[in-house]
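Colleague: Pasting in a structure now, in structure tokens, and then I'll have a few things to ask.
The values are calculated or read from the model by the stated rules, or taken from the named source; none is laboratory data. Nothing here was measured: the structure is a model prediction, and the numbers come from that model. Cβ atoms come from the backbone with ideal geometry, glycine included; neighbour counts cover every protein chain shown. The accessibility values were calculated without ligands, DNA or RNA, using every heavy atom of the protein model including side chains. Shrake-Rupley method; radii C 1.70, N 1.55, O 1.52, S 1.80 Å.
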Amino acid sequence: MAVTQEQAQWFQDAFSKLVDNIDQAILGKRHVIELVVTALLSDGHVLLEDFPGTGKTVLAKALANTLDGTHSRIQFTPDLLPSDVTGVTIFDQGKGHFEFHRGPIFASIVLADEINRASPKTQSALLEVMEEGRVTVDGVGYEVGSPFMVIATQNPVEQAGTYSLPEAQLDRFLIKTSLGYPDHETAVTLLLDSANRARAGKVTPIIASSSVTTMAQLASEVYVDASVLSYLNELVTGTREHKDSALGVSMRGALALARATKTWAIAHGRTYVTPDDVRELAVSVLAHRIIVDPEAEFAGATAEDIVASVIVDVAPPAYRAA
């Protein structure tokens, strides 16, 4: 069913209200908030990588508080076990049978704080649930429900005692972004309000879980022309063929970008995706899925540079010669 202009306008208004609500806690970072909300409404997950004290946890909490659903926080540490994340089956002597005790992963919004501090075995406990929305314990599957979103944070500076996320795990994050430090005006505003140590607590729920599911379904029905999908695929192919790339974007990454562009388009009041939508989201959705060639990386090349270069090299449909 085609999305109508009235539905697109309703979606844009609702999207704007969600961003405004979260913006109470995270000042001056509207674009990053828009990316995170886009991931939520695209049934995706977000990886926030930034320096300590930039507001990663506050952003995650503010999003959780905006949604009238359940949320949990998992502090990843080297001694965290997979069962501490997913839950565990315990024998109930009174009832005479085993019962499953749900872990913190069973929530609408899950904050995985400092995810790179846990062992690879514990990190892998998130693989199934992030991809399929279910947890398997002792051979029994348990659905986590909808909506479901993991917001993981990691600090790129302190690498001692950390475990880098494997490519298979990175590929399951729809978007990777960072907040960065605030500009001067925003920093002064935050300093004037320094007595408020719980900015995320100011954020109150404004949307029900069922409404998030409805918006996600509506976004999935946004029209994408075959020429735009061809352009998107050429960008993805370009990351694989780039001279500085050791491993390009997978098909999962291409599908993720297609989903995200639909949400981005309707969030801006349109019923169709444009090449500009693809370009605006390409770095955030694709860069973390690329492995840079070691020699090129030593010379200063980054995954973001590769995506930016491919965007320049591949002409969008509207500008191609007839």
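Colleague: Since E297 meets every condition but one in (1) farther than 28 Å from I109 by Cα; (2) among the charged types (D, E, K, R); (3) within 19 Å of the chain's Cα centre (by Cα), which condition does it not meet?
Modeller: (3) is the only condition that E297 fails.
Colleague: Before we move on, is L255 of a type outside the set (D, E, K, R), under 23 Å from A2 (Cβ atoms), surrounded by fewer than 16 Cβ atoms within 10 Å (Cβ to Cβ) and modelled with pLDDT of 95 or more?
Modeller: On the way: of a type outside the set (D, E, K, R): yes; under 23 Å from A2 (Cβ atoms): yes; surrounded by fewer than 16 Cβ atoms within 10 Å (Cβ to Cβ): yes; modelled with pLDDT of 95 or more: yes.
Yes.
Colleague: Still on this structure: So the check is Cβ under 6 Å with 6+ separation or different chains; which pairs have a first residue in the stretch 169-193 that's open to solvent by less than 30 Å² (accessible area, probe 1.4 Å) and a second one that's polar (S, T, N, Q) and at pLDDT below 80?
Modeller: Going by the 6 Å Cβ cut-off, the qualifying pairs are L179/T54.
Colleague: Is it the case that some residue within the stretch 51-74 is over 23 Å from R199 (Cβ atoms) and open to solvent by less than 30 Å² (accessible area, probe 1.4 Å)? Break it down into steps so the answer makes sense when it comes.
Modeller: At the first step, the residues of the stretch 51-74 found to be over 23 Å from R199 (Cβ atoms) are none.
Within the stretch 51-74, not a single residue is over 23 Å from R199 (Cβ atoms) and open to solvent by less than 30 Å² (accessible area, probe 1.4 Å).
Colleague: Taking A200, is it in contact (Cβ under 8 Å) with a residue 12 or more places away in the chain and either farther than 30 Å from A299 by Cβ or open to solvent by 80 Å² or more (accessible area, probe 1.4 Å) (or both)? Quick ask: steps written out before the conclusion?
Modeller: Working: in contact (Cβ under 8 Å) with a residue 12 or more places away in the chain: yes; either farther than 30 Å from A299 by Cβ or open to solvent by 80 Å² or more (accessible area, probe 1.4 Å) (or both): yes.
Yes; evaluated as a whole, the condition is true for this residue.
Colleague: Could you tell me whether V85 is part of a strand (DSSP E or B), on the phi < 0 side of the Ramachandran plot, in contact with a Pro (Cβ under 8 Å, 6 or more places away or on another chain) and buried (at least 21 other Cβ atoms within 10 Å of the Cβ)?
Modeller: On the way: part of a strand (DSSP E or B): no; on the phi < 0 side of the Ramachandran plot: yes; in contact with a Pro (Cβ under 8 Å, 6 or more places away or on another chain): yes; buried (at least 21 other Cβ atoms within 10 Å of the Cβ): yes.
Considered against the rule, which asks whether it is part of a strand (DSSP E or B), on the phi < 0 side of the Ramachandran plot, in contact with a Pro (Cβ under 8 Å, 6 or more places away or on another chain) and buried (at least 21 other Cβ atoms within 10 Å of the Cβ), V85 comes out as no.
Colleague: Residues to consider are V3, V19; find the one that is in contact (Cβ under 8 Å) with a residue 12 or more places away in the chain, at negative phi, touching an Asp or Glu at 6+ places or on another chain (Cβ under 6 Å) and part of a helix (DSSP H, G or I). Before the answer, list the steps.
Modeller: Details: V3 fails: part of a helix (DSSP H, G or I).
From the options V3, V19, the qualifying one is V19.
Colleague: Here's something else I'd like to know. Tally time: how many residues in the stretch 141-164 are at pLDDT below 85 and among the hydrophobic types (A, V, I, L, M, F, W, C)?
Modeller: 2
Colleague: Of the residues that make up the stretch 166-173, is at least one among the hydrophobic types (A, V, I, L, M, F, W, C), within 22 Å of A64 (Cα to Cα) and part of a strand (DSSP E or B)?
Modeller: For the stretch 166-173, residues among the hydrophobic types (A, V, I, L, M, F, W, C), within 22 Å of A64 (Cα to Cα) and part of a strand (DSSP E or B): absent.
Colleague: Further question: D79 versus (1) under 30 Å from I207 (Cβ atoms); (2) modelled with pLDDT of 90 or more: which is the lone unmet condition?
Modeller: (1)
Colleague: Quick check on the stretch 13-27. Is at least one of its residues modelled with pLDDT of 90 or more, in contact with a Phe, Trp or Tyr (Cβ under 7 Å, 6 or more places away or on another chain) and buried (at least 22 other Cβ atoms within 10 Å of the Cβ)?
Modeller: No - not one qualifying residue is present in the stretch 13-27.
Colleague: Here is a follow-up. Out of the stretch 93-107, which residues are in contact with a Gly (Cβ under 9 Å, 6 or more places away or on another chain) and open to solvent by 50 Å² or more (accessible area, probe 1.4 Å)? Can you show your working first?
Modeller: Residues of the stretch 93-107 that are in contact with a Gly (Cβ under 9 Å, 6 or more places away or on another chain), as a first pass: 100-107.
H101, R102 - these are the residues of the stretch 93-107 that are in contact with a Gly (Cβ under 9 Å, 6 or more places away or on another chain) and open to solvent by 50 Å² or more (accessible area, probe 1.4 Å).
Colleague: Another one. State all residues of the stretch 37-50 that are in a strand (DSSP E or B) and open to solvent by 10 Å² or more (accessible area, probe 1.4 Å); if no residue qualifies, say none. Spell out how you get there, then give the answer.
Modeller: Here is the first cut: in the stretch 37-50, the residues in a strand (DSSP E or B) are 46-49.
Across the stretch 37-50, the qualifying residue is only E49.
Colleague: I've got another one for you. Can you work out which of the residues in the stretch 131-157 that are open to solvent by 40 Å² or more (accessible area, probe 1.4 Å), touching a residue at least 12 places away in the same chain (Cβ under 8 Å) and not hydrophobic (A, V, I, L, M, F, W, C) is nearest to L81 (Cα to Cα)?
Modeller: D138
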